[in-house]
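So the structure is just underneath, and the comments pick up after that.
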Amino acid sequence: MTERRMTLTMFMAAFGYANDAWRHPRSRTADIGSLAHARDMAQAAERAGLDAIFFADSNDASGLRRHGYRGVSVNEPVSTIGALIGFTERIGMIGTASTTWSEPFTVARQFGNLDQLSGGRAGWNIVTSVSGNQNFGRDEMPDPAARYDRAMEFVDVVIKLWESWDRDAIVNDKENGNWVDNERVHDIDHVGVHFRVKGPTNIPRSPQDRPVLVQAGQSPAGIELGSTYGDLIYAVQPEKAGAVAWYADYKQRVAEKGRDPEKVKILPGIIPIVGRTQAEAEELAAELDACVTETTGRALVSGLLDVDLSDIELNERIPQERLVDNPRRMERWRLFRDMAQELTLRQLMIRMSRSTGHQSLVGTPASIAERMIDWFDARACDGFNFDPPNVTEGMGNMLELLVPELQERGYFPAEHHGDTFRERAGLTLFTPREADARPAVLA
């Protein structure tokens, strides 16, 4: 093994990440949403030795209605991970829960219990939500500043609840009738701007002290949240030079908070379309591109860019005056706007259907591994979040051909090491309230 080793996770994209990949004749579509489908994907990732699988979530059906299938979650993460615990043994499992539409006590109990039941394999993907207000009694979405202000306090409360049990709180004293020592279980008495929570939680302390925290926001507020609390940081970085600069800046922000930046892992998304030969990979890529229909392609581009395309021909570019920015835009919107300046509508449909800003690579295991290693060695990342192009063929090639190539080259271990997700992924526990007592450690 190299001195540094990659951290690798996989997005559980049930439809496949290429947006219309589910239409491919060899894709497994009849089982989408079933336990069998999620089980088989999770077990394939575990056999490959990946550190974790990741479940996204949504709080409305807008993605389905605009045919944006790649990010659609037809499985609620917490209950799905609970079901998969019995079908897996070593792999970490990351589930999404919104700080906008939930409460800290609920999230602390859910993920604390998943961590208990799985023996230390749970992770929480922290999101603030950009939709769903109509399902939670709100006329409109809170503005981003308000959502992130709530999120910062939300995560702080969850961590306090996870820490409300001392590590030695369970004494199992049968003689005196005390399973837990009440002196080692503490109220948190949190009173803040958004929450008032007495605590403690009624879930024992996590086997890995607390579940792994994952975050993906690239706005200034998202970076502040992630650099303060995140263990794994998912990123959209399609170009190497930009990724190197973003990585260095993010690690500096982590260090300024008194955290060890080497123990916070930055993982860009990647869509590897892998074949045993270049021709085989290109054939699969062409087949997946051919699955994109004009109806779904238009709907996808229109939804991602928030623009009317009804009068735009496929060989035309979108007029720039229609691409209006505003403070509520996600950072990824600006990436799509830049793409739209160079590509026709047809080209945008193919590009966006294959990837929403991540690297999409078509090649042999050797050529794709070399690109990944080049980024890793250049400090553009600490590993990657795999987005399987389709299920099961594209996912199978990725796990069965590409991952062994990385293992053979010494960049990823052939076996899981350590007892918990946190240990295996090379993460350390950090409590932000300890920052003042810690010296900064620079990357």
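Derivation of every value follows stated rules applied to the coordinates shown; laboratory data play no part. What you see is a predicted model, and the numbers here were worked out from it, not measured in a lab. Because the Cβ atoms are built from the backbone with ideal geometry, glycine has one as well, and the counts that use them run over all protein chains shown.
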*Peptides 272-280, 153-161: what's the order by average Cβ count within 10 Å, highest mean first?*
153-161, 272-280
*In a shell of Cβ-Cβ distance under 14 Å around VAL78, excluding VAL78 itself, what net charge do Lys and Arg (+1) and Asp and Glu (-1) give?*
-2
*In the neighborhood of GLU370, defined by Cβ-to-Cβ distances under 10 Å, what is the net charge if each Lys or Arg adds +1 and each Asp or Glu adds -1?*
0
*Put a dot 7 Å past each Cα toward the Cβ at GLU89 and ARG138; how far apart are the dots in nm?*
4.4
*Between the helical axis of 35-47 and the dominant principal axis of the chain, each derived from Cα atoms, what acute angle in degrees is found, rounded to the nearest 10?*
80
*Could you tell me whether the stretch 350-403 comes out rounded, prolate or oblate from its Cα gyration tensor? Rule is a ≥ b ≥ c as square roots of the eigenvalues, rounded for a/c under 1.5, then prolate if a/b exceeds b/c, otherwise oblate.*
oblate
*Just the Kirkwood number for the stretch 253-328, please: inverse of mean 1/r across all distinct Cα pairs, in Å, one decimal.*
17.0
*Provide the net charge surrounding TRP124, with neighbours chosen by a C-beta distance below 13 Å and charges set as Lys +1, Arg +1, Asp -1, Glu -1.*
+1
_Using only the alpha-carbon atoms, how far is helix 144-162 inclined from the longest principal axis of the chain? Give it as 0 to 90 degrees, nearest 10._
40
*Bin by bin, in steps of 5 Å, what percent of the Cα pairs in the stretch 277-320 do you find, going until the bin that has the longest distance?*
5, 19, 21, 18, 13, 11, 8, 4, 0
*Using only C-alpha positions, report the orientation-averaged shadow area of the convex hull of the stretch 174-315, nm², one decimal.*
17.4
*Calculated from the structure, Cα extents along the principal axes in Å equals which of (1) 77, 52, 45; (2) 76, 60, 40; (3) 77, 57, 43?*
(1)
*Looking at the stretch 320-380, what % of the alpha carbon pairs are farther apart than 17 Å?*
55
*Centroid-to-centroid separation of the stretch 309-381 and the stretch 168-210 [C-alpha atoms, Å]*: 47
*asked:* For ASP60, ASP209, ASP173, ASP382, which order do you get if you count the other beta carbons within 10 Å of each Cβ and list the fewest first?
replied: ASP173, ASP60, ASP209, ASP382
*For the stretch 8-128, just say rounded, prolate or oblate: build the C-alpha gyration tensor, square-root its eigenvalues into a ≥ b ≥ c, call rounded for a/c under 1.5, and beyond that prolate if a/b exceeds b/c, oblate if not.*
oblate
*Global geometry of the stretch 176-232, whether rounded, prolate or oblate, following the gyration tensor of its Cα atoms and the 1.5 cut on a/c*: oblate
*If contacts are Cα pairs under 8 angstrom and at least 6 residues apart, what is the relative contact order of the chain in percent?*
24
*Where both residues lie in the stretch 181-329, what percent of DSSP beta bridges are antiparallel, nearest 5?*
35
*Which angle between 0 and 90 degrees, to the nearest 10, do you get for helix 331-340 versus the longest principal axis of the chain when only C-alpha atoms count?*
10
*Determine, for VAL391, VAL191, VAL127, the number of other Cβ atoms within 10 Å of each Cβ, and report the residues in order from fewest to most.*
VAL191, VAL127, VAL391
*Would you pull out the residues with amide H under 5 Å of GLY269's amide H, same chain only if 5 or more places away, H placed 1.01 Å from N?*
ALA235, GLN237, ASN385
*In what order do SER219, SER129 fall by count of nearby beta-carbon atoms within 10 Å, going from fewest to most?*
SER219, SER129
*Ranked highest first by the average count of other Cβ atoms within 10 Å around their residues, in what order do 383-390, 108-115 fall?*
383-390, 108-115
*Where both residues lie in the chain, what percent of DSSP beta bridges are antiparallel, nearest 5?*
15
